[in-house]
Amino acid sequence: MTAVGNSVTRQTFDEVMVPVFAPASFIPVRGKGLEVWDQDGRRYLDLSAGIAVLALGHTPDAVVDALTEQAKKLWHISNYFTNEPVLQLARKLVNATFADKAFFCNSGGEANEAAFKLARKWAQDNYGPNKNRIVSCFHAFHGRTLFTVSVGGQEKYTHGFEPLPPKIDHIEFNDIEAAKAAIGDDVCAVVVEPVQGEGGILPADPAYLKTLRQLCDEHNALLVFDEVQCGLGRIGKLFAYMEYGVEPDILTSAKALGNGFPIAAMLTTDKIAKSFTPGTHGTTYGGNPLGAAVANCVFDTISQPAFLANVVEKGEKLRASLERVATDYPDVFAGVRGKGLMLGLVMSDKYHGRAAEITAEAQNQGLLILLAGYDVIRYVPALVIEDQHIEEGEKLLRQSIEVWLNK
Ligand SMILES: *Cc1c(COP(=O)(O)O)cnc(C)c1O
């Protein structure tokens, strides 16, 4: 399969890469909008957006311009100095949200690591050393550092890495009684994804998030929303908390923020931010001018009301398309769930655990779609998706299902 002129192939991966991933058999070399081409020039319709990252699609002109303009001026200067793009970005995020202060880093996991450290520090500063317990949800995903996999609620990601940081408890997502039982005065933070992503595209019930807010207020705990996947327009609001009308104390954002350039943010209020002082937390690359320039451009686009309204409209169309497929294959699928352009096509009990067979066949058919767990086909396409992509995606999905069923 080696294309002429290319000295690396998929096999090179097995030879020289630490095997934490099992990438597809082809190597993408170029992308534009929702299309990707591989080494052999084969085209794919990309409805995966690099896992909810490419909100504006591959190589959007405005972002490429922002990146190259800044690349000619200043890439990196360290946090011994501040820089113009990062201050502009912080100002925009603060103006648009509940937050008063922003901290920048390079990945969702790092933003959550900062959030959890801040919550512990804030509780310690204000209530002494015993208020340190963190409550989060089963099936949650918060990143891959030791602290964030521990707060995340999936044993498969902590197994073998023990001992884990202590004082972290997990409760069933959307279970109000479990939350009441678990949240006491020794809790410093309650952490939740308003829409669980990796765990299977599960939206929180509005009453659940409202109850978490009340419980946090009663017990002086911080409510942390991990909006790394569901934030920044993904469900049709700038941030998911705005859809729910429940304000967190700390919010983390990443994925879409850089449209593929590694940048992440932790947002919080003045009173909480005070617990981080010079030296208590830091990063070499966080908030560098190059990443911030990109994020400024992305944010300016996504935060437009017309852009967000279009996400809602396209989300409805994509949902209708997936529902048509689910209805036509009632044996295979149990239904569709999610919000906005964060949707999951759920496998039936009969085909339990077999979603990966469909996504693998989809690649053969030229369609890139994702999994969320073993039973959900995840759709988190670029937010600039158009009707033609939804139509082509449905056609390719149907083709994939037919080929797979007849194997
Ligand atoms: C992807 C994701 C993360 C981790 O982000 P990285 O950039 O991979 O560290 C954290 N939380 C949620 C909800 C995510 O979807």
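Couple of notes before you dig in:
- Of the peptides 387-393, 184-190, 21-27, the order by per-residue mean of other Cβ atoms within 10 Å, starting with the highest, comes out as 184-190, 387-393, 21-27.
- Dipole magnitude (debye, nearest 20) for the chain, charges at Cβ of Lys, Arg, Asp, Glu: 660
- DSSP finds beta bridges in the chain, and of those with both partners inside it, around 65 percent are antiparallel.
- Computed over every Cα-Cα pair of the range 119-213 and binned at 10 Å starting from 0, the pair-distance distribution P(r) comes out as 17, 46, 33, 4 percent.
- Across the range 337-403, Cα-Cα pairs farther apart than 19 Å form 29% of the total.
- Look at the dipole of the chain built from charges on Cβ: of TYR329, ASN310, VAL228, the Cα furthest out on the positive end belongs to VAL228.
- Here the range 260-299 and the range 172-192 have alpha carbon centers that stand 28 Å from each other.
- Proximity of backbone amide H atoms, modeled 1.01 Å from N, is registered between ILE168 and ILE134 at under 5 Å, excluding neighbours fewer than 5 places apart on the same chain.
- Axis of helix 61-71 versus longest Cα principal axis of the chain: the two differ by about 50°, to the nearest ten degrees.
- Computed over the range 17-117: relative contact order in percent, which uses C-alpha pairs under 8 Å that are six or more apart: 13
- Calculated mean residue ellipticity at 222 nm for the chain: -12000 deg cm²/dmol, from DSSP H runs with n ≥ 4 weighted as -39500 (n - 2.57), summed, divided by the residue count and rounded to 500.
- Aspartates and glutamates whose Cα lies under 20 Å from that of LYS72, excluding same-chain neighbours fewer than 8 positions away: ASP61, GLU84
- Distant alpha-carbon pairs in the chain (separation over 31 angstrom), percent: 40
- Between the range 26-92 and the range 351-407, the alpha-carbon center distance in angstrom: 25
- Between GLY128, GLY197, GLY315, the Gaussian network model of the chain with springs among Cα atoms under 10 angstrom shows the greatest mean-square fluctuation at GLY128.
- Taking label positions 7 Å along the Cα-Cβ direction at both SER25 and ASP331, the computed distance is 2.6 nm, reported to one decimal.
- Under 5 Å, built H, 5+ apart or other chain: amide partners of GLY236: LEU341
- For the chain, the longest principal axis of the alpha carbon atoms and the long axis of helix 206-218 meet at an angle near 20°.
Values quoted throughout were computed directly from the atomic coordinates according to the rules given, and no laboratory measurement underlies them. Predicted model, so just to flag it, every value in this text is computed and none were measured. Neighbour counts run over all protein chains shown; Cβ positions are idealised from the backbone, glycine included.
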